[in-house]
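Working notes, beginning with the structure itself.
The values are calculated or read from the model by the stated rules, or taken from the named source; none is laboratory data. As the structure is a prediction and not an experimental result, all values here were calculated from the model. Cβ placement follows ideal geometry from the backbone for every residue including glycine, while neighbour counts extend to all protein chains displayed. The protein model used for the area step is the full one, side chains on, heavy atoms only, and it has no ligands, DNA or RNA in it. Shrake-Rupley method; radii C 1.70, N 1.55, O 1.52, S 1.80 Å.
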Amino acid sequence: MSGRLLKKFLEEKEAIRLNELKNSADSGIQDDDNISNDPPESPITSNRKINPFDLLENEDNDDDDQEEESTVSESAGDTEFKGSSKASVKSVPPTNNKAKKKKKKKNKGDTHSNNDRKEEKPVEVILAEISLMENASSRGSDTLNVKSSSSVHNGLVKKCKQSVLQIDPKFLSAENELKRIFGTKVVNSFQTGSSRQSHGSGMRGGHPLRKTILVTPSAYWQRWDGYLEMELLETRDEKHYFRYVYSSAYEQAQSIFEANKANHDVQGIANIVALQPYHLDSLITMAEYFRFSGEQQMASDLLAKCLYALECAWHPMFSPLRGNCQLKYNHKTNKPFYVTLFTHMRNMDKRGCHRSALEICKLMLSLDSDDPMGTIFCIDYFALRAEEYTWLEQFSEEYGDDNSLWLFPNFSYSLAISRFYLESQSSSVESAKATSADLMYQALMLHPLVVKKLVAKVPLKDRAWDNILKNNFFKSDRSGNPTLDHLINIYVERSYIIWRLPDLQKLLRDSALRLIDMLESGKNDAQDWACIRQEAFSSDKNMYSHLLVSDFSETIATMPPEEIQNLVHPRVMGDPQILEHVGNIPNNVPAPRDVTDRNPLAVLLESMLPWVDYGRNGDGEDPMNNHAPNAED
């Protein structure tokens, strides 16, 4: 703003203040009609909105920046003097007539432009219209009420927050949860120490790695090779469907992997990882090998590399956190994603990161509602371990648009446990909802077979359980339905550790005794519950036979390291340069094995593996058969 314009503005402001003080002492105020007949013109005090360019009438030397400043001064003056009286407007000295006529003409011509500026839509309204995808007929007029649009936006936000499968990215990372549990310094020191111990400072790469939400890449990992991509298949019902695609180089590695897998050649699969460090099937296979041999840290690292490669290949439109993306398991190239995520979820459970495991369950369910990995049968366990009791009840009510989840054995008992903890946390419980005792009673009526299996698995050593199991209602070992028996086995194997708490044991025992009393008194509806169970699980075949009970177990079957040693050297996984040494071995035949002081049975079993070679003795004979010639003699 120029100095003259600023001086003029301040003088007029002071004159208005003095006139207001003078007029407040006067007893008479002129008629409104008289005032309206001869309104004085002032660029500051006019009730009508003023064209910003009017303030530049007498400023011939002002530039565009002065024009912008005048607009600011006009809005400030408009706001401050909006409520001033008309008497104060009259007391301002009038300007000359020529300027008056020019201003009138300009004001007439600018009336429409001012109104247009008045009717411009705020940014919030425009964003609300875009998000709502309204058509022209639904919008109607050009002007919208800001309050109503903001309420619509709030409704959308509320709807998003109510989604039971909404994923919080900060809980996806296990490192974040470990830092919340143990502290940042402890976790960072442990990660630094373990990294140096396992790989050494020389293994750290000098290239930047992408930042991902599923895992935190380690510094010694190789650069992403880009052999894996993701493509958009179609958009249907406001959802985008994707699948992974392989490059030609990846296809060649895949064919080599299939050949080595058919021959049970672990060394050959390790060579593939050395050549292509982000080949998914090879990484998954080697992770299973190390897990079976007891090397859990190495197995977790290989699975993390899988997830890193899978996330680096995401399509730009693939945003799994929004809930509008689908990655169906029925596409062959999508299967490694679910296998890796499920195994990663189990690793999170072993590390005590139950909230991270819960978020991974939600991610898998949101990407494929068909639930190919059986996530629905362990999501309740992770919700209880993460103390997400309210979310578990909301999930059981809203997921699948019905309330049928409580018919599954895991949800029928987990909902009772969730209600029990909510009651202990708050004294005020909604009267419309059943109590934990009632929910436990219903669970026992629906799935009584769980009790006997829990008593044996936990184990429950109270003498009262002996009397409970003698009752015919809890005495049976099988329900007669293969699907239900399989789901009960999965639930007991997955969640038995929860029942080691004395409070829950008491809840279960009291509910069982109450049920027995009801059965003895004849006031029971056991037949009705049997009908419900029969209706819910009516198939004669096991509908979930593809889900292995061992996949839901926290125990891992392993062999002693000395019995499975030397199948593949662990350093092959981290250093591609070792491939030079591997390539010098003819036909990738491993070095001869020493059988001195070995268990004969273990040597016999190991000799059946096609990639195992025990070498030859000095006479060219197999050392295991060195007594054969004597036998022939």
Net charge (Lys, Arg +1; Asp, Glu -1) of residues whose beta-carbon lies under 10 Å from that of Asn188, Asn188 excluded, is +1
Violations at 31 Å Cα threshold for listed pairs Lys170/Lys506; Lys261/Lys305; Lys239/Lys433 -> Lys170/Lys506; Lys239/Lys433
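May I ask you to give the solvent-accessible area per residue for region 289-379, in square angstrom, as obtained with a 1.4 angstrom probe? Intermediate results must be reported in sequence, preceding the final value.
Values: 2780 Å² over 91 residues.
I get 31 Å² per residue for this part.
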Between Gln252 and Asp510, the two model label points (7 Å from Cα along the beta-carbon direction) sit apart by a distance in nm of 7.0 nm
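Find the accessible area per residue for region 394-485; the probe is 1.4 Å, ligands and nucleic acids are left out, and the unit is Å².
On the way: 4540 Å² over 92 residues.
For region 394-485, the solvent-accessible area averages 49 Å² per residue.
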To the nearest 0.05, the calculated FRET efficiency linking Leu233 and Lys185 through their beta-carbon distance, R0 being 51 Å, is 0.65
Taking Cα pairs closer than 8 Å and at least 6 residues apart, the relative contact order of region 306-458 in percent is 15 percent
Quick calc, Ser404 & Asn524: beta-carbon distance into FRET formula, R0 22 Å, rounding 0.05, result 0.40
Rounded to 0.05, the calculated FRET efficiency for the beta carbons of His315 and Ser424 at R₀ = 41 Å is 0.35
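For region 222-330, what is the convex hull volume of its Cα atoms per residue in Å³? If you can, show how the numbers build up before the last one.
Working: hull volume 13.2 nm³, N = 109.
In region 222-330, the Cα hull volume divided by residue count equals 121 Å³.
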For region 459-559, shape from the Cα gyration tensor axes a ≥ b ≥ c, cut at a/c of 1.5 then a/b versus b/c, turns out oblate
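Taking every pair of alpha-carbon atoms in region 267-332, give the share separated by more than 21 Å as a whole percent.
Working: 758 of 2145 pairs.
Of all Cα-Cα distances in region 267-332, 35 percent exceed 21 Å.
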Taking 0.36 nm per residue of separation between Thr390 and Arg223 and subtracting their Cα-Cα distance, the length gained on full extension comes to 55.9 nm
Short to long, in 5 Å steps from zero, the percent of alpha-carbon pairs of region 397-550 per bin is 1, 8, 17, 22, 22, 16, 9, 3, 1, 0
Counting only protein heavy atoms with a 1.4 Å probe and every protein chain in place, the carbon and sulfur fraction of the accessible surface of region 261-346 in whole percent equals 54 percent
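Within region 213-246, report the GluC sites (Glu not before Pro) that DSSP leaves as loop and that have at most 13 other Cβ atoms within 10 Å. Please list the in-between numbers first.
Details: sites: Glu229, Glu231, Glu234, Glu238; in loops: Glu238.
Sites meeting the loop and neighbour criteria: Glu238.
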Ala434 and Ala456 label points (each 7 Å along its Cα→Cβ direction) are spaced in nm at 2.7 nm
Distance in nm between Arg500 and Lys470 label points, each 7 Å along Cα→Cβ, equals 3.0 nm
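For a quick check of your reading of the filter: which trypsin sites (Lys or Arg not before Pro) in region 447-487 sit in a DSSP loop and have no more than 15 other Cβ atoms within 10 Å? Mind showing how you got there, number by number?
On the way: sites: Lys452, Lys453, Lys457, Lys461, Arg463, Lys470, Lys475, Arg478; in loops: Lys461, Arg463, Arg478.
Answer in residue order: Lys461, Arg463, Arg478.
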